[in-house]
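The values are calculated or read from the model by the stated rules, or taken from the named source; none is laboratory data. Since the model is a prediction, treat every value here as computed from it, not as a measurement. Heads up, the Cβs are rebuilt from the backbone with ideal geometry, glycines too, and the neighbour counts pull from every protein chain shown.
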Amino acid sequence: MEQWNTCPHVLKQKTIFTLLTGTCCMGITVPVFLLSKDHVLLALGSCFFLGSLLRALSLARTVLHQQYDTVTGVCIGRERTIFCRYQKIYFIDDGGNETALLLGKKLSVREGHLYRFYFQPGYPAPLGNNHLALSLTGQTFLGYEELPNNLLCPSAE
């Protein structure tokens, strides 16, 4: 339980919401099945519940064993295209290396802010100084969080 309390909030939230999605689906499917006797609906709802349960257990195992990679840096730009589902996000990490991530278009990041991105291990190795196509499958990208900017450049007192 100690490991669960110390893991990032974003990853805990994703695990819990994945489990709740399947549970709510089953909570709706069972009463509708009892009223309508629709066996196909029960089978589909059960499959969805089992899939979300397995996904939640997999995420929980990943989080508890800390089997995820992080990329941290300050966002310096975004490149959006009109007809594409992805946007390219440019940022500079602690070492001054510029990195590009290809992430979903609905992801809201702002220039000049510090972010930490979480990925499942095994994403493509950097080519030169670029991380391109880190989350094209949607399964390798676990989440992100905005960090206080003073973590990157602590003030001297």
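Consider THR62 carefully, then state whether it is hydroxyl-bearing (Ser, Thr, Tyr) and touching a Ser or Thr at 6+ places or on another chain (Cβ under 8 Å). It is false that THR62 is hydroxyl-bearing (Ser, Thr, Tyr) and touching a Ser or Thr at 6+ places or on another chain (Cβ under 8 Å). The condition (being without any contact (Cβ under 8 Å) to a residue 40 or more places away in the chain, of a type outside the set (Asp, Glu), surrounded by fewer than 17 Cβ atoms within 10 Å (Cβ to Cβ) and under 23 Å from THR99 (Cβ atoms)) is satisfied by just one residue among CYS24, CYS47, CYS84: CYS84. Might you let me know whether the stretch 98-119 holds any residue that is β-branched (Val, Ile, Thr) and either exposed (fewer than 12 other Cβ atoms within 10 Å of the Cβ) or at pLDDT 85 or above (or both)? No, the stretch 98-119 has no match at all. If you go through the stretch 93-115 and keep only what is within 18 Å of the chain's Cα centre (by Cα) and assigned to a loop (DSSP other than H, G, I, E, B), you end up with LYS105, LYS106, LEU107, SER108, VAL109, ARG110. Out of everything in the stretch 120-143 that is surrounded by 12 or more Cβ atoms within 10 Å (Cβ to Cβ) and part of a strand (DSSP E or B), what residue ends up being modelled with the lowest pLDDT? Selected residue: ASN130. Which of the residues that make up the stretch 1-21 are assigned to a helix (DSSP H, G or I), surrounded by 10 or more Cβ atoms within 10 Å (Cβ to Cβ) and of a type outside the set (S, T, N, Q)? Matches in the stretch 1-21: TRP4, VAL10, LEU11, LYS12, LYS14, ILE16, PHE17, LEU19, LEU20. Restricting attention to the stretch 50-92, the residues being in a loop (DSSP other than H, G, I, E, B) and touching a Gly at 6+ places or on another chain (Cβ under 8 Å) number 1.
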